[in-house]
Amino acid sequence: MKKRKVALITGASKRIGASIVRELHHSGYNVIIHYGSSAEIAHDLATSLNLQRENSATCLQGDLLSIESIEALAKKAVSAWGGINALVNNASSFYPTSIESATEKDWDNLLGSNLKGPFFLTQQLLKTLTSHRGCVVNIIDIHADKPLSNHPIYCMAKAGLAMMTKSLAKDLAPDIRVNGVSPGAILWPETENETKEKLAILEKIPLKSIGETSDIANTVKFLVEDAPYITGQILTVDGGRSLSM
Ligand SMILES: NC(=O)c1ccc[n+]([C@@H]2O[C@H](COP(=O)([O-])OP(=O)(O)OC[C@H]3O[C@@H](n4cnc5c(N)ncnc54)[C@H](OP(=O)(O)O)[C@@H]3O)[C@@H](O)[C@H]2O)c1
């Protein structure tokens, strides 16, 4: 029987990450669902995928702020099925940090989850990604280019992730392709409930709706599976929002 390809998706128990997991699993990948604190939801997702196809999904916990934890995650991920073909850096923390009130903890948390984690996880997986001629997809944000008010640290972290995508695409070619997907408004943050703010955002999107998690998952699948001659690119998936920001 042909060996299945393996994808590791970070922050993947729910929302956009879970959609990417389902899409890659549907494409035939064995999936490693990384989570930070959402153990139960991650295991439920793995169980449902394993019911569809036996021994095709597993979960791994890891704190992306800690290098030791990243190293342990990478080791366990490689030993799950003997290697990794695709890494999707999706995990992220996101919240406002005004210049007046931001703390070192906010800095470490936002830069850690959005930039340091993806960098060192990629580093830890270089050997296996190289030997499989694998790929990395970083989930960025349209606000990597155009700042979101009161979110300077998050925007700086995503801008760094965009540059990391291009830098590593150059440095890791021809063995590993590195690309990014920049979502616009896809899912409201779990804490967001201000309808007025939501309407104001919708008003600015030419396609007049927020996106669906499948819009991001399909784009990730395209970059992973159907784009062997694309590296160093960041695809914007935002209903046209960034045209007039
Ligand atoms: N939602 C949108 O509309 C939107 C728009 C633009 C860009 N994006 C980007 O798209 C990606 C997915 O967005 P989302 O809204 O689905 O993400 P999310 O729900 O805000 O976060 C995804 C997961 O990241 C994990 N995470 C955060 N910090 C971590 C850490 N230090 N260590 C380990 N895991 C950590 C959390 O896992 P646990 O729950 O297991 O702790 C969380 O469930 C993110 O990169 C985001 O920046 C999203």
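Quick one: would you say residue 102 is of a type in the set (A, V, I, L, M, F, W, C), out of contact with any Gly (no Cβ under 7 Å at 6 or more places or on another chain), more than 15 Å from the ligand (Cβ to nearest atom) and in contact (Cβ under 8 Å) with a residue 24 or more places away in the chain? Before the answer, list the steps.
On the way: of a type in the set (A, V, I, L, M, F, W, C): yes; out of contact with any Gly (no Cβ under 7 Å at 6 or more places or on another chain): yes; more than 15 Å from the ligand (Cβ to nearest atom): yes; in contact (Cβ under 8 Å) with a residue 24 or more places away in the chain: yes.
Taking the combined requirement at face value, the residue satisfies it.
For residue 206, the requirement of being more than 15 Å from the chain's Cα centre (by Cα), within 16 Å of the ligand (Cβ to nearest atom) and modelled with pLDDT of 95 or more is not met.
Each row is one residue, and each column tells you yes or no for (1) farther than 22 Å from residue 187 by Cα; (2) out of contact with any strand residue (DSSP E or B) (no Cβ under 8 Å at 6 or more places or on another chain); (3) without any contact (Cβ under 8 Å) to a residue 12 or more places away in the chain.
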residue	(1), (2), (3)
79	yes, yes, yes
108	yes, yes, no
116	yes, yes, no
146	no, yes, no
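Kindly indicate whether residue 17 is at positive phi and in contact (Cβ under 8 Å) with a residue 40 or more places away in the chain. When the stated conditions are applied, residue 17 does not pass them. Scanning the stretch 147-166 for residues that are within 16 Å of the ligand (Cβ to nearest atom) and among the basic types (Lys, Arg) yields one hit, 158.
Would you point out the residue of the stretch 147-205, among those that are among the charged types (D, E, K, R) and farther than 26 Å from residue 218 by Cβ, that is surrounded by the fewest Cβ atoms within 10 Å (Cβ to Cβ)? Steps first, answer last, please.
Applying the first criterion (among the charged types (D, E, K, R)) to the stretch 147-205 yields 158, 166, 170-171, 175, 177, 190, 192, 194, 196-198, 203-204.
Keeping just the survivors that are farther than 26 Å from residue 218 by Cβ gives 170-171, 194, 196-197.
Details: 170: 10, 171: 9, 194: 10, 196: 6, 197: 11.
Looking at the filtered set, the residue picked out is 196.
Selection of the stretch 1-37 for residues being near the ligand (Cβ under 7 Å from one of its atoms), in a loop (DSSP other than H, G, I, E, B) and either among the aliphatic types (A, V, I, L, M) or surrounded by fewer than 20 Cβ atoms within 10 Å (Cβ to Cβ) (or both) yields 14, 36, 37. Among the residues of the stretch 74-83, not a single one is modelled with pLDDT of 95 or more and within 11 Å of the ligand (Cβ to nearest atom). Right, residue 117: at pLDDT 95 or above and within 15 Å of the chain's Cα centre (by Cα) or not? Yes: the conditions hold for residue 117.
For the subset of the stretch 65-115 comprising residues that are in a helix (DSSP H, G or I) and among the β-branched types (Val, Ile, Thr), which member is surrounded by the fewest Cβ atoms within 10 Å (Cβ to Cβ)?
Going through the stretch 65-115, the residues in a helix (DSSP H, G or I) turn out to be 67-81, 104-115.
Filter once more, keeping what is among the β-branched types (Val, Ile, Thr): 67, 70, 78.
Working: 67: 16, 70: 25, 78: 19.
That would be 67.
Is one or more of the residues making up the stretch 167-177 within 11 Å of the ligand (Cβ to nearest atom), in contact (Cβ under 8 Å) with a residue 12 or more places away in the chain, touching a helix residue (DSSP H, G or I) at 6+ places or on another chain (Cβ under 9 Å) and not hydrophobic (A, V, I, L, M, F, W, C)? Reasoning before the result, please.
Start the filter on the stretch 167-177 by keeping residues that are within 11 Å of the ligand (Cβ to nearest atom), which leaves none.
There is no residue in the stretch 167-177 that is within 11 Å of the ligand (Cβ to nearest atom), in contact (Cβ under 8 Å) with a residue 12 or more places away in the chain, touching a helix residue (DSSP H, G or I) at 6+ places or on another chain (Cβ under 9 Å) and not hydrophobic (A, V, I, L, M, F, W, C).
The values are calculated or read from the model by the stated rules, or taken from the named source; none is laboratory data. If you're wondering where the values come from, they're calculated on a predicted model, not measured in any experiment. Note: ideal-geometry Cβ built from the backbone for every residue, glycine included; neighbour counts use all protein chains shown.
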